[in-house]
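Worksheet: one structure, shown below.
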Amino acid sequence: MQQANTPSLWLDRDRVEANIRRMHEHLLGLGVRLRPHLKTCKSMPVAQMMQAAGASCFTVSTLAEARYFHAQGLHDLLYAVGIAPGKLEPCAALMRSGCRLTITLDNLTAASAVAAAARQHAVSYRVLLEIDCDGERAGFAPDTKTLIQAARILDQAGCEVAGVMTHAGGSYHCRDRDCLRRAADNERDTTVLAAQRLRAHGFAAPVVSIGSTPTASFAGDLTGVTEVRPGTYVFQDLVMVGLGVCTADDIAISVLCEVIGHRAEHGELIVDAGWMALSRDPGNSDQDGQCGFGLVCDLAGGLLDGLQVRHVNQEHGVIADHAGRAIDLSAFPVGTRLRILPNHACATAAQYAGYHVMAADQDQNLYWERCSGW
Ligand SMILES: Cc1ncc(COP(=O)(O)O)c(C=O)c1O
């Protein structure tokens, strides 16, 4: 770490392992299958750690991820972004190459496009109908007629109506454990209701797929759910700390940077990690806003009390004391190396082509590549 290029992205393998173990034990204890979301790590060695913990099916957020992970031997993939008609031919190509790909949709136009493409390409798309459980983003209302109409359109074209899925994005606004537990119960109840309606209309709909890291962490009863798709849990981040999902000691990625100057009149440090290195994600606006664009650690990973990245430009980050006290600049001469914990792990990791990997039992650093693009 003393010699590495800055800014660079570091992954603590022991923490990743612990995060995977904790989530997998929790969910397997609740009797559900895990379908981890790979959008956070986008890296095969991390997926292999999930496999070692028992995962055999996965979720992706781009077709680039689907192609990358399929080429590396993962064959059961859910592409969990509503399907764009223009992506149906690339999906068919993936399926023809042996990928058990499932797609999602939440409207009749998309259902008709999938039906038309199924006839045109002579493929049977496997589809989960997306349900809106909290008004946060996309999905059919669970009690709407169009849900059943979409299922019929797909079925008549020979597609497989595999079931329903949702993502409880609203859980990110919770401020206490009760709210998180309610969000988890609501995520379950909404999808189970939608699946029951499909079954009452003659569709098998065997899959009930839910998942966000906050609700997966706080779920206590998943009766009726068949699989859960957390993603951020693998690295954790400051948003998750703010929600009470984990502690800063669980965060498994950090950005290594170096002090390049001082703003002496303000008692602030300038480092070579701006938004290109950290992302511009301000974290969760519902939280107390004490993290700025990331919290600051020493090289050993110990949090430096009160220090946060207050401002970011493209390649500059300004580190200030949260309470407005002047930092003792003599403790951080130019050349000092620091590590920044991410607000949003997916966004920060996306700034890099790969991870420098550290672990307690490993002397030499490994480098694990990530896939990128769409
Ligand atoms: C469809 C879907 N499933 C699962 C997840 C995973 O949620 P989290 O990042 O909270 O683990 C996401 C996150 O955006 C998602 O969009």
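No lab work stands behind these numbers, since they all come straight from the coordinates. A quick note: this is a predicted structure, and the numbers were derived from the prediction, not measured. No Cβ is skipped: glycine too gets one built from the backbone with ideal geometry, and neighbour counts run over all protein chains shown.
Observations, loosely collected:
- In whole angstrom, the stretch 14-231 maps to an equivalent ellipsoid with semi-axes of 27, 22, 13, each derived as √(5λ) from the alpha carbon gyration tensor and ordered largest first.
- Residue ranges 363-369, 338-344 sort as 338-344, 363-369 when ordered by packing (mean number of other C-beta atoms within 10 Å per residue, highest first).
- Ordered from longest to shortest, the equivalent ellipsoid semi-axes for the stretch 248-369 are 23, 17, 14 Å, each the square root of 5 times a Cα gyration tensor eigenvalue.
- Sorting H167, H322 by the number of Cβ atoms found within 10 Å of their own Cβ, with the fewest placed first, yields H322, H167.
- To the nearest ten degrees, helix 13-29 and the longest principal axis of the Cα atoms of the chain are 30 degrees apart.
- Most fluctuating residue given options I260, I319, I251, as computed from a GNM of the chain linking Cα atoms under 10 Å: I260
- FRET efficiency estimate (nearest 0.05) - Cβ-Cβ, A93 to Q156, R0 25 angstrom: 0.55
- Descending semi-axes in Å of the stretch 133-282, equivalent ellipsoid built from Cα gyration tensor: 42, 17, 13
- Estimated at 0.36 nm per residue, the fully extended path between L30 and Y367 surpasses their Cα-Cα distance by 117.8 nm.
- At an R0 of 45 angstrom, the distance between the Cβ atoms of A264 and N5 translates into a FRET efficiency of 0.95.
- Relative to the dominant Cα principal axis of the chain, helix 145-156 is inclined by about 70°.
- Listed by chain and number, the lysines placed with their C-alpha closer than 24 angstrom to that of K87 are K39, K42; residues fewer than eight positions away on the same chain are left out.
- Applying a 4.7 Å Cβ-Cβ cutoff to the chain leaves C41, C57, C91, C99, C133, C159, C246, C257, C291, C297, C346, C371 as cysteine residues with no disulfide-compatible partner.
- Spin-label zone in the stretch 221-252 - amide nitrogen under 19 Å from a point set 7 Å from the Cα of A138 along the C-beta vector: 228-232
- Using distinct alpha-carbon pairs, which all enter the 1/r mean, Kirkwood radius of the stretch 101-146 in Å: 11.5
- Förster radius 41 Å - calculated FRET efficiency between R175 and A64, Cβ distance, rounded to 0.05: 0.70
- Farthest toward positive dipole pole in the chain [+1 Lys/Arg, -1 Asp/Glu at C-beta], among A92, A264, V239: A92
- Computed from Cα positions, the angle between helix 108-121 and the longest principal axis of the chain comes to roughly 70 degrees.
- q = 0.13, 0.14 Å⁻¹: log10 I(q)/I(0) that the Debye formula gives for the chain, counting C-alpha atoms only: -1.02, -1.14
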